[in-house]
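Okay, so here's the structure we're looking at.
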Amino acid sequence: MSEERSSKEMNNESRDYLTVMIAGQRFGIPVLQVQDVLREQRVTRIPLASKEVAGSLNLRGRIVTAIDVRKRLGLPEKDDGLPSMSVVVEHKNELFSLIIDSVGDVVSFKDKYYESNPGTLDPLWRNISTGIYQMENELLVIMDVSRLLEDIGSYT
Amino acid sequence: MDDLVVEFLTETNESIDEIDVDLVNLEQNPNDTELLGKIFRLVHTIKGTCGFLDLPRLEKVAHHAENVLGRFRDGDLEVIPEYVTLIFESIDRIKFILKELEKTGKEPEGDDSAIIAKLDAAYEGKVISDDEAAEEEPLAAAEKIEEVEAEEAVEEAQPEEEIIELIIKERTDLAPGDASMEELEAAFAAAPGMEGIVNPADLEKQKQAKQTTEAKVSEEPKIDEVLVNETGSDSGDDEYTKTETRATANQTLRVNVDVLEDLMTMVSELVLTRNQLLQIVRAEGETAFTTPLQRLNHVVSELQEGVMKTRMQPIGNAWSKLPRIIRDLSIELGKKVNLDMHGQDTELDRQVLEMIKDPLTHMVRNSGDHGIELPAERIAAGKSETGTIKLNAYHEGGHIIIKISDDGKGLNEEKIREKILNNGLATAEELKEMSSQQVQQFIFKPGFSTAEKVTSVSGRGVGMDVVRTNIERIGGSVELKSTEGKGSIFTIKIPLTLAIVHALIVEAAGERFAIPQLSVSELVMVSDHGDNRIEYIKGAPVFRLRDRLLPLVSLSEVLCLASESILKPEKEEPKEEVIESAAEEEQEEAVEETGEALDAIGPEQEKALVKSLKRAAEKTKKEKKKEKKKLARNLYIVIAEVGGYQFGIIVDRVFDTEEIVVKPVAQMLKGLKLFSGNTILGDGSVIMILDPNGIANASGGIDNIEEDATMQGTKHRADSEKKTSLLLFNVGDNTPKAVPLSLVARLENIRKENIEYSSGQMMMQYRGTLMPLVPFSNSVKIDEEHGRPVLVFADKDRSMGIIVNDIVDIIEEHIDVKLNSSQKGLLGSAIINGAATDVVDIAHFLNDVNKTWFRDHNNAPFGEGDEEEIRGKKRVLLIDDSPFFRNMLTPVLSVAGYEVTTLNGPTEALKLQEEGVSFDIIVSDIEMPDIDGFEFARMIRSEGGLWADTPMVALSSHATPKDIERGMSSGYRNYVAKFDKETLLSAIAKTLDGR
């Protein structure tokens, strides 16, 4: 199976991902990009911004733009009543707080378990994911943070 | 002083300091060729620059010194102390000349032949005797060889003494009195201590004094001299001595701009942190931190101010190149242009200065290129041959205002219109509607240049849009006023500084926002019942501010916030539903709805409606309470000014003002034009900073700037004028009835027990008077329990009420009345809200109620007019093709004391003219079939008939500035919007008075 992979070179390097849960799906965010993990924060709404922008918040004197990842992924709003969490990432010198359901462990994967996105994946998801890691019991969708953030704001 | 000379002085003083140090080094290491080369180059540069700047004395000295140095460098001459001293001497001479140059702007008179002779002697390898030198050069007595050591000592001491003053760039001459009294006092206080020998403590003192002194060049020399004399006393009073403080060099320190920027950023952060601390302490009450924090507060404020000062530069810096540009321009284009500059000393933040430098240059260039005409054209236009471009800068309430005006030909509006069409920036339709002010604004649009030919100067199509963008980027605005044939005035308004701004914190729909204080001119609190209230013109909220009508924008609306605000014009909900739902449990919503419906109604009506609605809602006490609470809520209007356009922003609450540091928003939010940035408040929360410019743009207001606000006193919204607000009501039959809302003064509710009778006429007590009441028809029965709504029509102190069954709705519709006067009291019917609706002839009721109130007018025979004339009545001819409006306006005019004749079109009117009937004033509709109002006026005016001099007032549902202009040019004296009863009356009165 791994021989079929074309885009990624074969090696045994491992990569670390912070796993987060969004609507029952586990996602992985490259750990090197993660600056912070926050509990639910009070955000200031930004009127007229695109719907994915949840607002902005103050993180130690820096203004962070909060992104509702569920909305970005076209998922319904969270309704389990539990507080959400967010992962702060830096993108082009700006900080973003990705609002997700919950944060899991940091996992380390070898490249050989990496799989490119299946063609049947929702185009929206395919666009923000670099690929899938096969974990023992579930699949981990690797989030491409820059892609996730880049398209926001281009429409309103 | 010439800019170049200033630059030269700053630079030379710097290099001279280096030479001093280098020469001392050279003396110790005579064989250091590298060092020698450096010294040589420096002197050479001075020499070269002097030649270029035409400073012959300086050049000569430098030249001869260079010669000697050249020989040193070539190894022809041994570097001996005597020669070095000689070089020092020449350097001192150079310094002296420089100092004089700095003081007076020109080289001092004097003779340098002695020192030159010595230099020449040295050049030839002769050893100069000191005695000889002393004799030859009495002035240079202090420069004797034996004093070299002393010199060195002073040299070394000098850096200590150096006055720290940051001059980022060359500074021009400054007006006296720029240094504060405090600073001067400090400086002078330090000076007496300098008497006699200078001891280190004095030097220290002196240094401190200097540090606090903002070196204002014209001020400094005085202090310098004091210091110089004192410090110089131990080495003799020689004016050439190097211990003299060099005003420019020693008091200025070149600092990398980045350092200043960093400082500024840090200070900004410090300010923010301080604000946060203050807020915490304020919440805590008296704590141990209070006092130290207050101190910190002061220190930070001062620090902030100080750092800001380092960034201040006179605006003249940005102008310095303009005279040259204008000169070249006038030669190139064969024009005569005079550049008149005022307020060069006005200081502003260098960042701001950098940003406006290019726009300014561009605009001045434009003025010269497009604005000022060729001399021949100017003379032909009756102007002086030389055009004037005037630049003026001044402070105004935290802003810098820069005015660029020229007395040239102004903007060619026709050409702009043409260009707008050609470039597809607007359709011909839209263009027709635009006022000249609006048209002029197009020159700020990208790719817009009206220059016929592209000159090297301007007309490349890049320009004013960039100018505007640049200025707006720094929170400024450009305003343009141009009169064809007379010239143009550009007014640029820019903030003093960008880094820290004061902002007003407001709340709308539960969210807080910051509005830069700079654009806020005042704050008004409004309530629904007080004198200050928001009124509505077709749903557009307005506010009367000192006799001017201020357009309002609801912040929550413009930001599309799910609104808690009562201002949300949605008129889909029929009134009945409103009342019903109000009666139901959804109290909150009902109130909301009520509020929404309200703004469609005029001010008076609103009040009454509120009342009637309240009564309807009386069923639930609780409900009523809540509603009251809601309606009594106060709102605030933040009056903002953007480029001369004043408008109000309706907000729910106003908090404090706070100093904020504008931080750019994330890239993905850059598209939101309503925000200029965001910031962190004292309490640590993030807040969006509103851009009043963006709000004005978003609300469509900015394009509505009228050339002359007094023109009508009203700002009309072009699109909404085409529709009429109608009040729909039921009278018990199956056909809804409609009446123009503008005719209805109030809505009341009447109960049976309140109805009184006076000589058979139904009356009710209303505001202390008796108001006649008329049931709309027999089918209207007074409901025992709830009473009935009454439409109150009022004029002056008289009013009457028409009782109806219930109010259905208020709608905004384009009404097309089909005449059908078979039934009394009805004008006809129209399709409104998809249903056939009778349009009510209010005049019928008014007449019915009180025959004396409104005179018989409708079809007054012309003959009667003469009788009326005798009684002093002014005769008004009202021309309107719509019977609806004829009937609506006739009573209004009659009651105002005019004798009214109505006609349904210009054709009839012209006939009447031929018949020889004269009038005092003609009020004519504009939109009419066959002959429109414009054409009609032109015919009347041009044909020289009986009415050629009769003043005319235009009446139209299209009262856009463009229309008004067109009307005026057709021969109307005044132009009034239909339904604007008051304005019509005052316009008629004014027009008649002006006759």
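Observations on the structure shown:
- Amide hydrogen neighbours beyond the local backbone of B:S829, cut-off 5 Å, H modeled: B:K818, B:N820, B:V839
- Judged by the ratio a/c of the largest to the smallest principal axis of the C-alpha gyration tensor, segment A:1-137 counts as prolate, that ratio being 1.5 or greater while a/b is larger than b/c.
- In terms of other Cβ atoms within 10 Å, B:F675, B:F52, B:F289 run from fewest to most in the order B:F52, B:F289, B:F675.
- Where N is the number of residues in segment B:270-320, Cα Rg divided by 2.2 N^0.38 Å: 1.66
- Couplings 3J(HN,Hα) of segment B:542-554, computed from phi: 9, 9, 7, 10, 6, 6, 10, 8, 9, x, 10, 10, 7 Hz, in residue order, whole Hz [Karplus 6.51 cos²θ - 1.76 cosθ + 1.60, θ = phi - 60°; x for Gly and Pro].
- Computed from backbone phi, the HN-Hα couplings of segment B:403-419 come to 10, 10, 10, 9, 9, x, 8, x, 7, 8, 5, 4, 5, 5, 4, 4, 5 Hz, rounded to whole numbers (Karplus: 6.51 cos²θ - 1.76 cosθ + 1.60, θ = phi - 60°; Gly and Pro given as x).
- Rounded, prolate or oblate (a/c below 1.5 giving rounded, otherwise prolate when a/b exceeds b/c) for segment B:320-443 by Cα gyration tensor: oblate
- Our coupling estimate for segment A:62-70, obtained by passing each phi through the Karplus curve with A = 6.51, B = -1.76, C = 1.60 and θ = phi - 60°, is 10, 8, 10, 8, 8, 10, 7, 5, 4 Hz, Gly and Pro reported as x.
- For segment B:306-349 and segment B:1-72, distance of Cα centres in Å: 31 Å
- Basic side chains Lys and Arg get +1 at the Cβ, acidic Asp and Glu get -1 at the Cβ, and with that the dipole of segment B:314-495 about its Cα centre reaches some 300 debye.
- For segment B:400-428 versus segment A:103-121, the gap between their alpha-carbon centres in whole angstrom: 60 Å
- Residue-averaged beta-carbon neighbours from other chains (10 angstrom radius) around B:667-676: 6
- Under 5 Å from the amide H of A:A23 lie the amide H atoms of A:D101, each residue being 5 or more positions distant or on a separate chain, with H modelled from the backbone and absent for Pro and chain starts.
- Long-range amide H partners of B:D691 with built H, under 5 Å: B:F675, B:S676
Computed from the coordinates by the stated procedures, all read-outs in this text should not be read as laboratory data. Since this is a predicted model, take the numbers as computed values, not measurements. Because the Cβ atoms are built from the backbone with ideal geometry, glycine has one as well, and the counts that use them run over all protein chains shown.
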